[in-house]
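Engineer: Below you will find the structure I want to go over with you.
Throughout, read-outs are computed from the coordinates displayed, never taken from laboratory work. In this text the structure is predicted, and so the values were computed from the model without any measurement. Note: ideal-geometry Cβ built from the backbone for every residue, glycine included; neighbour counts use all protein chains shown.
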Amino acid sequence: MKKRSLLLKSSMLVACMFIVYTAMTAIVRGDEVFVSVSPSTYNVSAPGTTFQLNITITGVPTSPNSKTLWSWSIKVTWNPAILNCTNVEEGPFLSSQASPTFFLASPPNNVAGKVDQITDTSMKVPPTGAGGEGDLCILTFLSIAPGNTNITILNPDFMAVDKSLITVTVQNGEVIVIPEFPVSAIIPAFLIITAAIAIIAKISRPRRRLDYTKAP
């Protein structure tokens with residue numbers, strides 16, 4: 001009887017611990033801040049195409065002000081054989097809530113395929129940050145060759161108004177440049193397909209049976 005009671009109490013304790021752990025995990029996940037490439041996958045129709053990708057943030061606390069985002073910094077890399085970066089500009093996330101801001105981006109290095117540092121800081125007095133979600137910055141790319149390349153966010157450094165670090169989860173992206181179908185190949189391809197259809201039609205045409213029966 002005592003063993004059964006002890007087993008029941010142990011089971012209840014384990015169940016309570018599991019419930020508490022699950023609740024704490026849910027709270028932590030609910031407060032998680034994500035920094036992402038948007039869209040996560042981008043298809044480019046052909047080399048020579050200019051397009052833009054956003055670096056976005058979600059899940060930043062909106063209150064108290066001391067825990068909102070005050071300053072951030074990242075590095076972005078890509079495959080320079082596939083893409084060239086032509087411009088980096090400030091997104092509206094920080095500037096729309098905590099203006100004026102100081103935005104700085106190092107020149108794109110299209111030999112190594114990287115922007116070494118992109119940073120933005122609120123200069124508002126008293127110190128004020130931004131909360132919620134939005135675009136941190138916007139990168140403009142030019143596709144130069146077909147293929148796939150990752151867009152990778154490195155060295156994330158995010159700071160709240162109270163100078164505490166904000167832990168972020170990075171979600172990288174991918175760009176797919178589709179090979180361009182040459183116009184010069186359209187006519188030969190059309191002729192080949194037309195000839196093939198004609199041959200197939202001729203082969204599959206039923207032969208007429210000849211009647212050699214002599215008339216009486």
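Engineer: If you project the alpha carbons of the stretch 25-116 onto their three principal axes, what span does each projection cover, largest first, in Å?
Structural biologist: Result for the stretch 25-116: principal-axis Cα extents of 46, 33, 21 Å.
Engineer: Across the stretch 166-172, in residue order, what do the Karplus-derived ³J(HN,Hα) couplings come to in whole Hz, using 6.51 cos²θ - 1.76 cosθ + 1.60 with θ = phi - 60° and x for Gly and Pro?
Structural biologist: 9, 6, 10, 9, 8, 10, 7
Engineer: Another one. All other residues with a Cβ under 10 Å from the Cβ of Ile57 taken together, and with Lys, Arg as +1 and Asp, Glu as -1, what is their net charge?
Structural biologist: Combined, the nearby Lys, Arg, Asp and Glu give -2.
Engineer: Show me 61-69, 73-81, 100-108 ranked by packing, highest mean number of other Cβ atoms within 10 Å first. All intermediate terms of the calculation are to be shown ahead of the outcome.
Structural biologist: Numbers: 61-69: 16.9, 73-81: 18.7, 100-108: 14.9.
Taking the mean over residues of other Cβ atoms within 10 Å, the ranking is 73-81, 61-69, 100-108.
Engineer: List the extent of the Cα atoms of the stretch 103-154 along each of their three principal axes, largest first, rounded to whole Å.
Structural biologist: Principal-axis extents of the Cα atoms in the stretch 103-154, largest first: 48, 23, 18 Å.
Engineer: Whole-Hz Karplus ³J(HN,Hα) for the stretch 85-95, in order, using 6.51 cos²θ - 1.76 cosθ + 1.60 and θ = phi - 60°, x for Gly and Pro?
Structural biologist: Going residue by residue, I get 8, 10, 6, 10, 10, 5, x, x, 4, 7, 5 Hz, with x marking Gly and Pro.
Engineer: For Ile144, what residues show an amide H to amide H distance below 5 Å, using hydrogens built from the backbone and excluding near sequence neighbours?
Structural biologist: Gly48, Leu83, Asn84
Engineer: Here's a follow-up. For the stretch 36-183, take every pair of Cα atoms, bin their distances at 10 Å starting from 0, and report each bin as a whole percent.
Structural biologist: In order of increasing distance, the bins hold 12, 41, 28, 14, 4, 1, 0 percent.
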